[in-house]
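All remarks here apply to the structure that follows.
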Amino acid sequence: MVFSSLNFLFVFLPVVLLAHAVAPKRWKNPVLLVGSLWFYAWGEPVYVVLMALSIGYNYFTGLQIAGRKRSYRRKRALVAGVAVNLAVLGFFKYYGFAVDTLNGLLGLRLAKRTLALPIGISFYTFQALSYVIDVYRGKVKPQRSLVDFAVYITMFPQLVAGPIVQYADIEKQLNDRGVSLQKFGQGAERLVQGLAKKVLLANNLGALHAAVQAMAGRSVLTAWLGAIAYAMQIYLDFSGYSDMAIGMGKMLGFTFLENFDYPYLSKSVTEFWRRWHISLSSWFRDYVYIPLGGNRVGRGRHVLNLLIVWMLTGLWHGASWNFVLWGLYYGALLILEKYALEKALEKLPGWAARLYTLLLVLVGWVIFSNTDFARLGAELGGLVGVGASGFADAAFLYHLRSNLPLLLIAGIACTPALRTRLVKGMFDRPVLSAGITLLLFLASTAYLVYGSYNPFLYFRF
Amino acid sequence: MLRGYQKMPNNTKEAKALPAAEGALGRWKRWFSVKDHRYTAARLALMLALALFALAMLRQDRARDLDFAAVSARMAAETAGQDVAAQDANGFQSRFGISPEGVGDWLYYASDAVMDVTELLVARGEPAQLDRLQAAVEDHLAAQLEGFRNYGPEQVALLERAILWQRGGCLFYAVSGRADQWERVFLSCLR
């Protein structure tokens, strides 16, 4: 079940919110757990078993690590816990990819089985890993209640598309969270904003991108238009999901950390990654980069650390070589900025630094969106005129004219302008605020009823 | 009574002598009375269950090897000479409005000509994924029918005879004068 579906909005969510609201305090977590399992089972009944086993395993791992006194025994329990989590993720997400790669590299003919990817496995495995590692580090106490721990792993607002919630950030809220009418209202508002970003903007940008992709011969400007549409689509789609997750979290009494901070306004690629998918960057920083030594090592080792982290970040996004390339592309850019461009970028005027970042990020999205390397080469070539049907053509003008309002609104939605100026100004007036939220909700619902293009970008995570 | 592993005798002879007197059940009870051991047992059992689950997933019919490369080759031979081209993920997405990434294996042929409605789609995946794909195909088919309703009688005739079904973890969709033939070839691959 995806958030931007009528079943979710009009059946699942009201039922779960109502049940959660009327349940006595000690029953709130069981209610949330049942709701979350229902949510997951809607599309993936079989994989509920996998998630339940994973929850059980990590629950006992946490207890065992905390219960052991000797450090080598604690470490042994941790290593086994991490290994099992990575093995499960590796098997269900990367099995086919590994077989394909081995067959390709070694000329083998290993049989490839098709396994459907359990939705959200990357998110919940990373949450489980953060829990067992933090218990080992003594940063958090082990969760004694299996139900509460299961709620942490399965909580439906962030189960499928994040943000990756670290246990330390939510530990207290699992047992002590307040749900006020004001908080509920703020959450609902955020949910609707996210829904509108996803349904009204991202889906239409996706349709524009798909239309450009379907064109046989493209001009340079058309290729750039497609790339820009995709860049805005992925941001509005992903941040829209995060908004919805944060909003629903608030409606249930939780406070999740922000996952995006207007990344397209960044003045360097390094800054971009401080603003994009913050929960994932933080996870890799805390559990991979710093344990590897971070930047407190020699230059060579630091470069290696960055490349390892970014290769893994790329691979996390999907079992395909283009994601590895995408990760390494960012690793290389970050290394370049750290060791060569940092001072030069500081001297650039703001608009030039932003343009530099945007161009590199757009190229990054082209790598991200093409799993086929021949196609990727053609797409990248198209951006600089290789194989293009000219610099501009009628198709470009047609798509630009037809989608100009959409592109403008989406462009504004990628900046804080709406939130800080328009929305803040208007939302100081509660009646107007409620009216706009209702309007956005009705428009999004109408689009869901009549529109058929509602892609789900995060299935491969 | 010994309540913890740490309190067990360190002397090997002594340690061996005690269990022998207790019997296997007693030894097991004593071992299990240590909390850490219970956690170990639970983790091992769950690890085993995870492995069995993974194995079960591999052995299920829907994950069993249908030689998709062979299916692709057969269907490619069948579509050769027709005015259709193998479509990539973008072509798939632009027509069906959903990304094919979650579908497992798939092949999709379609004509690039605007007035040609010929299509062939074969996909293999989880029932839920195929249900979603089937819904998308039905939407696409309805939109095609609507689009050609008033000025493309030949296209409408082909679209109305479209074949679309789902069985055994596979989905088949064809719009063509040769749709029946393609269906027969695909069914022969399934057997």
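Report the net charge of residues surrounding residue B:72, where surrounding means a beta-carbon distance below 12 angstrom and charges are Lys +1, Arg +1, Asp -1, Glu -1. Net charge in that neighbourhood comes out at -1.
A full extension of the chain between residue B:80 and residue B:165 corresponds to an added length of 28.3 nm, given 0.36 nm per residue minus the alpha carbon distance.
If R0 is 25 Å, the Cβ-Cβ spacing of residue A:75 and residue A:146 corresponds to a FRET efficiency of close to 0.55.
Which order results if A:12, B:32 are arranged by neighbouring Cβ count within 10 Å, fewest first?
B:32, A:12
Shown here is the pair-distance distribution of the stretch A:6-177: with all Cα-Cα distances grouped in 10 Å bins from zero up to the longest one, the shares run 10, 33, 32, 18, 7, 1, 0 percent.
Can you pull the mean other chain C-beta count within 10 Å for peptide B:41-49?
6
In order along the stretch B:143-155, phi translates into HN-Hα couplings of 5, 4, 4, 4, x, 9, 3, 9, 9, x, x, 5, 5 Hz, rounded to whole numbers, per the Karplus curve 6.51 cos²θ - 1.76 cosθ + 1.60 with θ = phi - 60° and x for Gly and Pro. Note on residue B:24 and residue A:297: their simple-model spin labels are 5.0 nm apart, each label 7 Å out from Cα toward Cβ. The convex hull drawn around the Cα atoms of chain A, when projected onto a plane and averaged over every direction, covers 24.5 nm².
Per residue, the average separation of C-alpha pairs within less than 8 Å and at least 6 apart gives chain A a relative contact order of 19 percent. Note on B:120-126: average number of Cβ atoms from other chains within 10 Å of each residue's Cβ is 2.
Calculated mean residue ellipticity, 222 nm, chain A: -22500 deg cm²/dmol, from DSSP H runs (n ≥ 4) at -39500 (n - 2.57) each, averaged per residue and rounded to 500. Averaging the sequence gap over all C-alpha pairs within less than 8 Å and six or more residues apart, then dividing by the number of residues, gives the stretch A:173-286 a relative contact order of 33 percent. Take each residue of peptide A:52-65, count the partner chain Cβ atoms within 10 Å of its Cβ, and average: the result is 5. Residue exposure proxy: B:180, B:116, ordered by other Cβ atoms within 10 angstrom of their Cβ from fewest to most, comes out as B:180, B:116. Taking each residue as 0.36 nm, the span from residue A:308 to residue A:99 lengthens on full extension beyond its C-alpha to C-alpha distance by 73.1 nm.
Sorted fewest first by neighbouring Cβ atoms within 10 angstrom, A:38, A:27, A:316 come out as A:27, A:38, A:316. If R0 equals 25 Å, the separation of the Cβ atoms of residue A:402 and residue B:135 corresponds to a calculated FRET efficiency of about 0.40. Dividing the convex hull volume of the alpha-carbon atoms in the stretch B:64-190 by its residue count gives 94 Å³ per residue. Each residue of the stretch A:143-155 was assigned a 3J(HN,Hα) from its phi angle through the Karplus curve 6.51 cos²θ - 1.76 cosθ + 1.60 (θ = phi - 60°); the sequence is 7, 7, 8, 5, 5, 5, 5, 4, 5, 4, 6, 9, 2 Hz, with glycine and proline shown as x.
Laboratory data are not the source of any read-out in this text; all were calculated from the coordinates shown. Fair warning: this is a prediction, and the values are worked out from it, not measured in the lab. Here Cβ is always computed from backbone atoms with ideal geometry, including for glycine, and neighbour counts include all displayed protein chains.
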